[in-house]
Amino acid sequence: MMISLHEQARYWIDRLHAAAAKLSRPVQFMEVCGTHTVSAFRCGLHSVIPENVKLLSGPGCPVCVTSQGQIDQLIALASQESLTLCTYGDMLRVTGSDGSSLEKARSRGASVKVIYSAMDAVKCAQATPGRQVVFIAVGFETTTPATAVAIQAAHRLGLKNFSAFISHKLVLPAMRALLRSDDVRIDGFLAPGHVSVIIGAEAYRRIVKRYQKPCVVVGFEDVQMAQGLALLTEMVNESRMEIVNLYPQAVSARGNPRARQLMDDTFQVRPVSWRGLGLLPHSGLALRDRFKAFDACERFGIEAIDVPEPAGCRCGDVITGRCSPAQCALFGHVCTPVNPIGPCMVSSEGTCGAWFKYARGRALPQEVFA
Amino acid sequence: MIRTLNPSAVPHKWDQITLAHGGGGLLTDSLIQQTILPRLGNSALNELLDSAQLTVGDARLAMTIDSYVVQPLFFPGGDIGRLCVSGTVNDLAVSGAKPLGIALSFILGEGLSRSTFDRVLESIQQTAREANVRIVTGDTKVIGHGTEETIFITTAGVGIVQYAQPLHPDRIEPGDVILINGYLADHGLSVMLARELPQVKSVIRSDVAPLNGLVDVILASTNDVVFMRDPTRGGVAGVVADLAQRTNLHITLQEDAIPVRSETLHAADMLGLDPLEVANEGKVIFVVRPHAAASTLEAMKSHPLGKDAAIIGVVEKKPDGLCEIRTSIGGRRILQKPYGEQLPRIC
């Protein structure tokens, strides 16, 4: 007999409550992926989990971890003549230090094009030979292989009017940095689903061994997320530090070696600045020397700048689990989806945006319905 | 401290139009509230319903107008011609009005091919026949060369209101039941996939259709319909969140009851969109008195455009103006009016 998804979810939520009743102290698990953040809110997960189990959002929204300096540089780049900026949709509304955004730049006449894959930017460059086309390459291991494909295609085609603003980052260094910081306690991870497709479930072995934190790789269905939390809580109870892969249809132990090879052929590791985490060694990617000609920063003489985050904005603390959106003084009053200050409010994967949209910004989703 | 946040409490500051102002969400609201209503507002316009109601002697007239700028002009399940007739017929139908005539105004781009224009006109002809309405007046203009084949259509319609009861959000009461006539989000996703990802093969087809036949059947079957609205831009989220806010009542929707095809759900997931926020062009939300819910559902199911109809929610007494969704896993979340332009996410 088929068991309905509803019954499966009920089963895992009950098991989570049973395990939570045996906890000797409250626990905090972190979902590292922005898609998980949104899925959790959409299925109302926060409203059905026990009070002593807290689900924190991590640095898994690519737009949210991008430093303010890079955001400002991109908005400035958009206003250059004879230049088209190709971007994934999430970046469009992120606010620059002066209150501008790519969306506002576009309404003033800048050529900003929303694309769905990196290769669209290459095609755009081919179709408009008289214009410089810059692709904003953001994202983790999920989107990096696609950027690698685009860079290699541009290289083969000998395109002179294509370049990429590389802001790719790696997930594991950020997870390790969080575990090393002493102001946020994390008892285990819901490991990112899409990233794990590339890096493989075994990639979390060091985190499990060295930091003694359980990791569960989950997909995006509500049942899987509930199951993931139940298993994490049980593992904490039993001091059993393991990797569990609940998403084997997409994630293998070793991931996708071909995609990783492609990344390795195209990029080298470099230190990079994260919102909320600062400069982390070995946490970002830069183009290898033979592809340097496609680096937008080299082509347009863009130098790394350090720009403070907007005054009062706590996005950096939100994406590292140090505070909840409701603890930010700007949240919901000065910073709203229509007048965003920080990136977490505007990205479709942003934590503040999800809190506002799905829970009307109440401190705890449970309280909304009290 | 618990703070109550209202997304429209903080006015949106803007000095230039962005694409998001056209998304049918909070930004469209701010465009209308800040610039149009202060100057042009009056008792008919301020209602902001699908049609304005005008009285001539004993007759109640409904008048509506819409512009269509869809790209591509042809998409799986429909085209701009079928869209412009259906949209206007539907705005009249949900106002309880029988269409008297439709006016069409074309803005054509230089270079548009004769065959494309012929195809659009044939689709208009066919849809008008299907809806049993006449195109009674119109206009054509041509503008300079663009890069793609351009047709913009503005469609106005006048109808005569025949339903005895007024159809207005003010009549909504606790206990009223919310129904929809079938699967959601097919139109928006069909157009978005055709425009943005033409290489993706999908079975999703737009639901665009004139709904006056279905609405006639329902209105003939009961006097207990209190309000109707077609969830176009902004989707079901836009309509239901707006109703909760306007009535200051609590509306609860059951996620499991909301009809969404699995292929549509997957496409929406892939693009990071919520099917409840995606546009429909062949759907109507009915709010009916509780004792009429079952018979209305039956009447809907008897019509081809209502065979997948469902009861999706209920209006509750709590005066908080919120729409809440009970999720499949027994969780709860709030459904709000979308912000504006729907943007696909990164990964």
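Report the full-extension gain for the segment B:V217 to B:E263: residue separation times 0.36 nm, less the Cα-Cα distance, to one decimal in nm.
So the extension gain works out to 13.6 nm.
Going by a ≥ b ≥ c, the root eigenvalues of the Cα gyration tensor, does the protein assembly as shown fall in the rounded group (a/c under 1.5), the prolate group (a/b larger than b/c) or the oblate group? Please report the intermediate quantities before stating the final value.
Values: a/c = 1.93, a/b = 1.32, b/c = 1.45.
Oblate, since a/c reaches 1.5 and b/c is not below a/b.
In the range B:152-167, whose amide N lies under 20 Å from the spot 7 Å out along Cα-to-Cβ of B:I135? List them in ranges.
B:152-159
Please arrange A:W355, A:W12 by counting, for each residue, the other beta carbons lying within 10 Å of its beta carbon, fewest first. Mind showing how you got there, number by number?
Values: A:W355 27, A:W12 21.
Final ranking by Cβ density, sparse to dense: A:W12, A:W355.
Using a 7 Å offset from the Cα along the Cα-to-Cβ direction at both B:L100 and A:L23, what is the distance between the two label points in nm, to one decimal?
The modelled label-to-label distance comes out at 6.6 nm.
Based only on Cα atoms, what mean projected area does the convex hull of the range A:54-144 have, in nm²?
6.8 nm²
In percent, how large is the relative contact order of the range B:1-123, given Cα pairs closer than 8 Å and 6 or more residues apart?
16 percent
Rounded to the nearest 500 deg cm²/dmol, what is the calculated helix-only ellipticity per residue at 222 nm for the protein assembly as shown, with -39500 (n - 2.57) per DSSP H run of length n ≥ 4?
-9500 deg cm²/dmol
Given axes a ≥ b ≥ c from the Cα gyration tensor, I'd like to know whether the range A:258-370 is rounded (a/c under 1.5), prolate (a/b larger than b/c) or oblate. List each step's numbers first, then the result.
Details: a/c = 2.79, a/b = 2.16, b/c = 1.30.
Cα axes put the range A:258-370 in the prolate bin.
Using a ≥ b ≥ c from the Cα gyration tensor of chain B (square roots of the eigenvalues), is it rounded, prolate or oblate, where a/c under 1.5 gives rounded and otherwise the larger of a/b and b/c decides, a/b for prolate?
Verdict is rounded for chain B.
Rounded to a whole number, what is D in µm²/s for chain A from Stokes-Einstein with the Kirkwood radius over alpha-carbon pairs (4 °C, 1.567 mPa s)?
61 µm²/s
Using each residue's phi in the range B:23-31, evaluate 6.51 cos²θ - 1.76 cosθ + 1.60 at θ = phi - 60° and report the 3J(HN,Hα) Karplus result to the nearest Hz, with x for Gly and Pro.
Calculated HN-Hα couplings, in order: x, x, x, 4, 6, 4, 4, 5, 4 Hz.
Neighbour counts of other C-beta atoms within 10 Å: give me B:V56, B:V85 arranged from fewest to most.
Ranking B:V56, B:V85 by Cβ neighbours within 10 Å, fewest first, gives B:V56, B:V85.
Please find, in a Gaussian network model of chain B (springs between Cα atoms separated by less than 10 Å), the residue of B:L112, B:L61, B:L305 whose mean-square fluctuation is greatest.
Most flexible of the set in this elastic network: B:L112.
Using Cα-Cα distances under 8 Å and only pairs 6 or more residues apart, what relative contact order does chain A have, in percent?
Worked out over chain A, it gives 22 percent.
Hey, can you grab everything whose amide H is under 5 Å from the amide H of A:R288? Only 5+ residues off in sequence or another chain; H modelled, so Pro and N-termini drop out.
Amide H to amide H, under 5 Å and 5 or more residues apart or across chains, A:R288 pairs with A:F267, A:Q268.
Using only the Cα atoms of the range A:192-247, what semi-axes does the equivalent ellipsoid have when each is the square root of 5 times a gyration tensor eigenvalue? Give whole Å, largest first.
They are 18, 16, 6 Å, listed largest first.
What number in nm² do you get for the range A:224-308 if you take the convex hull of its Cα atoms and divide its surface by four?
9.2 nm²
Around A:G188, which amide H atoms from residues at least 5 apart in sequence, or from another chain, sit under 5 Å from its own amide H, with H modelled in the peptide plane?
Correct list: A:M30.
With springs only between Cα atoms under 10 Å, which of B:N248, B:N90, B:N42 fluctuates most in a Gaussian network model of chain B?
Among B:N248, B:N90, B:N42, the largest GNM mean-square fluctuation belongs to B:N42.
Can you give me the relative contact order of chain B as a percent, contacts being Cα pairs under 8 Å and 6 or more apart?
RCO, chain B: 23 percent.
Stokes-Einstein at 4 °C, 1.567 mPa s, Kirkwood radius from Cα pairs: D for the range B:252-347 in µm² s⁻¹?
D, rounded to a whole number, is 84 µm²/s.
Name the residues whose placed amide hydrogens come within less than 5 Å of the amide hydrogen of B:I251, ignoring near sequence neighbours (fewer than 5 apart) on the same chain.
B:E316, B:L322, B:C323, B:E324
Across the range A:235-250, in residue order, what do the Karplus-derived ³J(HN,Hα) couplings come to in whole Hz, using 6.51 cos²θ - 1.76 cosθ + 1.60 with θ = phi - 60° and x for Gly and Pro?
5, 4, 4, 9, 6, 9, 9, 9, 9, 10, 10, 8, 10, x, 5, 10
Filter A:K54/B:K13; A:K104/A:K357; B:K141/B:K337 down to the pairs with a C-alpha to C-alpha distance above 24 Å, please.
Correct reply: A:K54/B:K13; B:K141/B:K337.
In debye, nearest 20, what is the charge dipole magnitude of the range A:80-123 about its Cα centre with +1 on Lys and Arg Cβ and -1 on Asp and Glu Cβ, if you could check?
Dipole of the range A:80-123, to the nearest 20 debye: 120 debye.
So what J values fall out for the range A:161-175 if you push phi through Karplus, 6.51 cos²θ - 1.76 cosθ + 1.60 with θ = phi - 60°, rounded to Hz, Gly and Pro as x?
10, 10, 8, 10, 8, 7, 10, 6, 10, 10, 6, 4, x, 5, 5
Take A:H194, A:H155, B:H187, B:H145 and order them by how many other Cβ atoms sit within 10 Å, fewest up front.
Listing A:H194, A:H155, B:H187, B:H145 from fewest to most nearby Cβ atoms yields B:H145, A:H155, A:H194, B:H187.
Angle check, please: helix A:5-21 long axis (alpha carbons) against the longest principal axis of chain A (alpha carbons), in degrees 0 to 90, nearest 10.
Helix A:5-21 sits at roughly 70 degrees to that axis.
The numbers here are math on the coordinates, done by the rules we state, and not lab data. Worth saying up front: this structure is predicted, and the values here are computed from it rather than measured. All Cβ positions, even for glycine, are placed from backbone atoms using ideal geometry, and neighbour counts span all protein chains on display.
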